[in-house]
1. Residue under question is G255, and the condition is that it be closer than 20 Å to F26 by Cα and without any contact (Cβ under 8 Å) to a residue 60 or more places away in the chain; does it hold?
2. Taking the stated definitions as given, is G125 surrounded by fewer than 17 Cβ atoms within 10 Å (Cβ to Cβ) and modelled with pLDDT under 95?
3. Can you tell me which condition K36 does not meet? The list is (1) of a type in the set (D, E, K, R); (2) assigned to a loop (DSSP other than H, G, I, E, B); (3) under 20 Å from the mean Cα position of the chain (by Cα), and all the others hold.
4. If H72 satisfies all but one of (1) crowded, with 23+ Cβ neighbours inside 10 Å; (2) part of a strand (DSSP E or B), what's the number of the condition it fails?
5. Can you report the number of residues in the stretch 158-171 which are over 16 Å from V202 (Cβ atoms) and open to solvent by less than 50 Å² (accessible area, probe 1.4 Å)?
6. Quickly run through the stretch 200-238 and pick out the residues that are in contact with a Leu (Cβ under 6 Å, 6 or more places away or on another chain) and of a type in the set (S, T, N, Q).
7. Looking only at the stretch 377-413, count every residue that is under 18 Å from I345 (Cα atoms) and either among the aliphatic types (A, V, I, L, M) or surrounded by 16 or more Cβ atoms within 10 Å (Cβ to Cβ) (or both) and tell me the total.
8. Which condition does D244 not pass, out of (1) acidic (D, E); (2) modelled with pLDDT of 90 or more; (3) touching a Ser or Thr at 6+ places or on another chain (Cβ under 7 Å), if it passes all the others?
Amino acid sequence: MTRAPVLTALALILLPPLSAAAAEFFTLEGHGGPIKGIDVAPSGEAILTASFDYSIGLWSGPDAAPRWLEGHNAAVNAAIFVDAARAVSGGDDFELRLWDIAAGRSTVLGRHQGKVNHLALSPDGRWVASASWDGTIGLWPLGDGSPQILRGHDGAVNATAFAPDGTLFSVSADGTLRHWTLGETPSDRLIVNHGFGINTLVLGTTRGWLAYGAVDGGTRVIDAATGAELADLTADRRPILAMDVSPDLTRLAVGDGEGYIMVVDTADWSIERDFRAATRGPIWALHYSGDGQGIHAAGIDDALFSWPAGDPGGGAALASDEQSFLRDPATMGNGERQFMRKCSICHELTGDGARRAGPSLEGLFGRRVGALEGYAYSAALKGLGFVWDEGTIDDLFELGPEHFVPGSKMPMQRIAAQSDRDDLIAFLRKATLPQEDKQ
């Protein structure tokens, strides 16, 4: 795949800033899977996107080609700028990677025992906090210091936020929001016990409020010191998946699993706008532009969409009806439906170069496992010697990848019904023919 030229930190400054484009709707396209995380450079002149396709996109302008930062061996869930020269990312491979942006190289900053779901940078820029599904929070030094692991939650940790004084807030699938005092002997204090898992957390920094969103759709604003409720913004939609606050702290944006984005005026917690930005699927990520004039959002599509923050419906194109996996399932045969549900996010059917987490399936039948040139297979898969055919594909989905190809990058999934597996195999037999054989 053709790569964009290396962008130095100086080049990022010289290119047209993305914040300048916030007055108009634009898209950033090129990923091969949903975007799970967004961050904006301190200068507002570049964007990082973390994607299910195992890569991070570095975007320096709405019309500039992205630069791909690749080093993770699974979906990337979060990527944040440390400064103009460095970034940190975390993913489903349990790793945090520290990036030299100019060189495009990374080193392992830390490792959890479960997926890394969210990252936060300390106010002094010296530490990164990682929220992990292993139930812990990692504190990783960017200079001097030793890593620390914070334990206190009874479930996956979904998000963290540093306060201006260097203390830390965290939320978890155990339904709690906790406040951590850091140091040689960290301690935590329970602030909220919501009952249902909490997915998102945003801190009003100098304003002293916290907003959080939960699996049951609960959207609350509380006093960060006392936990007293300041506002209930619940809109009977679930789950809440994404939140961000504008740089001047005057607007709170909330995205949910039903494709809606709600914009709230933090002066009186009134709902300023509430619109459906994605016709199908969730809002996975939200971030205000550096100047606060635009909102960047991503969902099940392979792109980031941005529109003026004051436009009440500018995100209506967030879900593209042209993408095949967004078509009405009723228009598909059962085999294609199985492919769309189980395979399409990771695999393409043709060798057209689209970015995907997994290799192209073109010419699949008769191909030796782990043999497609140019794809970085896991060591576990490269060590196997079988050929893909009706029997091996059937075994893959009957047993599940974790049993049929243990140690591979393939996510855990099965197709229980033999008839569904037969229909999928029949669909793949035709759809994966090389282009010259389809003429």
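The values are calculated or read from the model by the stated rules, or taken from the named source; none is laboratory data. Because the structure is predicted, anything quoted here is derived from the model rather than measured. All Cβ positions, even for glycine, are placed from backbone atoms using ideal geometry, and neighbour counts span all protein chains on display. Surface accessibility is based on the protein's heavy atoms, side chains included, excluding ligands, DNA and RNA. Shrake-Rupley method; radii C 1.70, N 1.55, O 1.52, S 1.80 Å.
1. The answer is yes for G255.
2. Judged against the criteria, G125 is not a match.
3. Here K36 clears every test but (2).
4. (2)
5. Start the filter on the stretch 158-171 by keeping residues that are over 16 Å from V202 (Cβ atoms), which leaves 165-166.
Add one more test, that the residue is open to solvent by less than 50 Å² (accessible area, probe 1.4 Å), and what stays is 166.
The qualifying residues number 1.
6. T219
7. 11
8. (3)
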